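What follows is one structure encoded as structure tokens, with my remarks underneath.
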Amino acid sequence: MKAAVVYYSRSGITKKIAEKVQAKFNADMIFVEPEKAYKSFPGAIIRVIREKAGKKNPAPKAAPADFGAYDTVFIGFPVWAATIPDFLQEYIRRADLAGKRVIPFATAGNNGREESLSALKALLPDSEITDYFYTSMKEPADADAWLEGIRE
Ligand SMILES: Cc1cc2nc3c(=O)[nH]c(=O)nc-3n(C[C@H](O)[C@H](O)[C@H](O)COP(=O)(O)O)c2cc1C
């Protein structure tokens, strides 16, 4: 497989899994930054609540990468407000991932498993979404076992 890992991580939990993917599949890392960084935990919570209330529409800092060379694209994210962070959703919307195998991984506190997957399916109707991995503080899942199960 020729893989890329598209991910966002504010506090490092998702990043650790992204690094495992990189190590196992020799994948290229693509860190998606928001236009304006989310810093402290309380600051991020307040901002996301405001954004959800429609006061601001967050965007990614850079245009999407060219995914032409990849057959598989991993997409990793923390669950925010029970779904994929909005600026990352916008990045995914702008990216050309049609026909690609997309393997999502999410880290969370305690919810957003199904909501995140349906959001991704809606954003990528022309991609083959497989091997979804979700882990939470409440019910931690084994990322190494997940990686073992993914076909090359
Ligand atoms: C702004 C914000 C919103 C969050 N919303 C949720 C949520 O709705 N559900 C949940 O289970 N966890 C939520 N969390 C917790 C994160 O998903 C969790 O800590 C995640 O593993 C952090 O990953 P990271 O270290 O890669 O940023 C939220 C965290 C932040 C900062």
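The values are calculated or read from the model by the stated rules, or taken from the named source; none is laboratory data. Small disclaimer: the values here were computed from a predicted structure and weren't measured. Methodologically, a virtual Cβ is constructed for each residue, glycine included, from the backbone with ideal geometry; neighbour enumeration extends over all protein chains shown. Calculation scope for accessible area: heavy atoms of the full protein, side chains included, ligands and nucleic acids excluded. Shrake-Rupley method; radii C 1.70, N 1.55, O 1.52, S 1.80 Å.
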Give the percent of DSSP beta bridges with both residues in region 3-148 that are antiparallel, rounded to the nearest 5. 10 percent
How long is the gain from Glu33 to Lys2 if the chain were fully straight, where each residue apart is worth 0.36 nm and the alpha carbon distance is subtracted? 8.9 nm
On a 0 to 90 degree scale, rounded to 10, what angle separates helix 113-123 from the longest Cα axis of the chain? 80 degrees
With T = 10 °C, eta = 1.306 mPa s and Kirkwood Rh from C-alpha pairs, the Stokes-Einstein D of region 64-105 in µm²/s is about 144 µm²/s
Tell me what the chain gives for mean residue ellipticity at 222 nm when only DSSP H runs of n ≥ 4 count, each as -39,500 (n - 2.57), the sum divided by the residue total, rounded to 500 deg cm²/dmol. -10000 deg cm²/dmol
Could you do me a favour and compute the accessible area per residue for the chain, 1.4 Å probe, result in Å²? 52 Å²
Would you calculate the separation in nanometres between label points at Lys121 and Ala145, each defined as 7 Å from the Cα along the Cα-to-beta-carbon direction? 2.4 nm
Would you work out if region 9-68 is rounded, prolate or oblate? Take a ≥ b ≥ c from the square roots of the eigenvalues of the alpha-carbon gyration tensor; rounded if a/c is under 1.5, else prolate when a/b is larger than b/c, oblate otherwise. oblate
Angle between the Cα long axis of helix 13-25 and the longest principal axis of the chain, 0 to 90 degrees, nearest 10? 20 degrees
Which links in Lys16/Lys56; Lys39/Lys121; Lys24/Lys121; Lys15/Lys138; Lys16/Lys55; Lys24/Lys100 stretch past 22 Å when you go from one Cα to the other? Lys16/Lys56; Lys39/Lys121; Lys24/Lys121; Lys16/Lys55
So the carbon and sulfur contribution to the accessible area of region 3-148, 1.4 Å probe, in percent, is 50 percent
Counting only protein chains, not ligands or nucleic acids, how are Asp144, Asp96 ordered by accessible area (probe 1.4 Å), most first? Asp96, Asp144
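Kirkwood Rh, the chain, all Cα pairs: how many Å? Walk me through the numbers on the way to the answer.
Working: mean 1/r = 0.0643 Å⁻¹.
For the chain, inverting the mean 1/r across all distinct Cα pairs yields 15.5 Å.
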Helix axis angle, 41-52 relative to the chain longest principal axis, alpha carbon, degrees: 80 degrees
